[in-house]
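To start, the structure under review is shown below, and the notes come after it.
The values are calculated or read from the model by the stated rules, or taken from the named source; none is laboratory data. This one's a predicted model, so the numbers in the text were calculated from it and none came from an experiment. Cβ sites come from the backbone with ideal geometry, for glycine too, and all protein chains shown count toward neighbours. Protein only, heavy atoms only, side chains kept; ligands, DNA and RNA dropped before computing areas. Shrake-Rupley method; radii C 1.70, N 1.55, O 1.52, S 1.80 Å.
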Amino acid sequence: MRPMLRAATLAASLSLVLAACGGKPAAPADGADTAGKGETAAVDTDSDQALMAKLNGYIECYNDVDRKIHAGIGPYTVWMKDPKAGPTGREERPIGPPDLTTSDLKGCDTALPEAIAAQPSLPELDKAAQGYLDALHALQPITHEAADYYQRDDYEDDGFARGKALHAPLMSAFGTFVEASGVFSDALDAENDRLQDSQLAKVEAQEGRTRNFYRLAIMRDAKALMDLMAEDSFDVAEARRRLDAFNAISDEAHAKVAEQEPGKLDWNSFERTAEDFRRASKERLKRVADKTPYSDFEQRMLDTTLAPQGSPGKLMQAYNSLVFQSNRQ
């Protein structure tokens, strides 16, 4: 179940990029080509806006439900001696799975079909979105039933009989969901990256290297690090290259825009959170490069809020804090 961590991370980064990008076309230049250049810029902007609206429809659903589900699977399984076998009935303080209700899916039932039908057509992403919606609908009734069972302490009345019976189909539904979530998030991520690169280039062309540019560039490089280092193992040399790139753009931003007013205090808060993410990235890189194993306790905490230093979970926490600060800019 460990790949869930990466999928949970992507929700914040995707919403950030699409909320931040969407600038107006550059003012037309003087000369004979003015009209043609203005029309081209308008077409480019309209195309970006259509893609942005479609992706935001997907992200609206993804952000509403994905993290809640992923975050709830670890606590549901951590108290079991063998999550594959399920509860024995002798455990203390059992925790139920995440409660996915029909109300939780209302937004997805509206947003995903509309986005699938919207232009531009993106066959791979559109197919992945439909698979994601199907997986949600398969998961919802069983996770809701199991959540009710544990919330009401019904296991005290039946000696865990229903909990044992629900476990295998619940884990199967989680597995199907995790796979569909990974396919959907990867396809969504790829389209988002293409749009992000396009928008970043346009911001630089239109505004120069402003705070808006640096914020987008820092988040692009932070996301590249998160994408790589969220895995259990990764290419250490590539991680160092990406960390160097993140350090370089962060240092350049500090030198160029940190003292600007207005907004200096907000920007400084963003920079401090970026520094926290830099440290968490270094810890993650060092742990993998040194092949430092997790203790038994750390193993159990990997997918919880108490994730150990140098783990994907700890890095994700720093990354999500950076996303929060970026969205406040």
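For the reader, a short list of remarks on this structure follows.
- Residues satisfying the stated conditions in segment 244-265, i.e. under 23 Å from the mean Cα position of the chain (by Cα) and not hydroxyl-bearing (S, T, Y): D244, A245, F246, N247, I249
- Candidates in segment 230-241 are the residues that are farther than 25 Å from R328 by Cα and not acidic (D, E); of these, the one that is least open to solvent (accessible area, probe 1.4 Å) is A239.
- Selection of helices (runs of 4 or more DSSP H) fully inside segment 219-329 by the criterion of at least 3 residues being small (G, A, S) and closer than 27 Å to D186 by Cα returns 236-257, 264-290, 312-327.
- Long-range neighbours under 8 Å by Cβ, at least six apart or interchain, first residue among the acidic types (D, E) within segment 296-314, second open to solvent by less than 30 Å² (accessible area, probe 1.4 Å) and assigned to a loop (DSSP other than H, G, I, E, B): E298/P308; E298/S311
Okay, residues lined up against (1) in contact (Cβ under 8 Å) with a residue 24 or more places away in the chain; (2) among the hydrophobic types (A, V, I, L, M, F, W, C):
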site	(1), (2)
C108	yes, yes
A117	no, yes
S121	no, no
Q130	no, no
Y155	yes, no
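- T102 vs. criteria polar (S, T, N, Q), touching a residue at least 24 places away in the same chain (Cβ under 8 Å) and either within 17 Å of S185 (Cβ to Cβ) or open to solvent by 50 Å² or more (accessible area, probe 1.4 Å) (or both): yes
- The set of residues from segment 145-161 being in a helix (DSSP H, G or I), open to solvent by 60 Å² or more (accessible area, probe 1.4 Å) and closer than 14 Å to I95 by Cα comprises E145, Q151, E156.
- Enumeration of residues in segment 131-144 that are crowded, with 16+ Cβ neighbours inside 10 Å, out of contact with any helix residue (DSSP H, G or I) (no Cβ under 6 Å at 6 or more places or on another chain) and over 12 Å from F174 (Cα atoms): H144
- The set of residues from segment 273-311 being open to solvent by 60 Å² or more (accessible area, probe 1.4 Å) and more than 20 Å from V236 (Cβ to Cβ) comprises E275, D276, D296, F297, Q299, R300, T305, L306.
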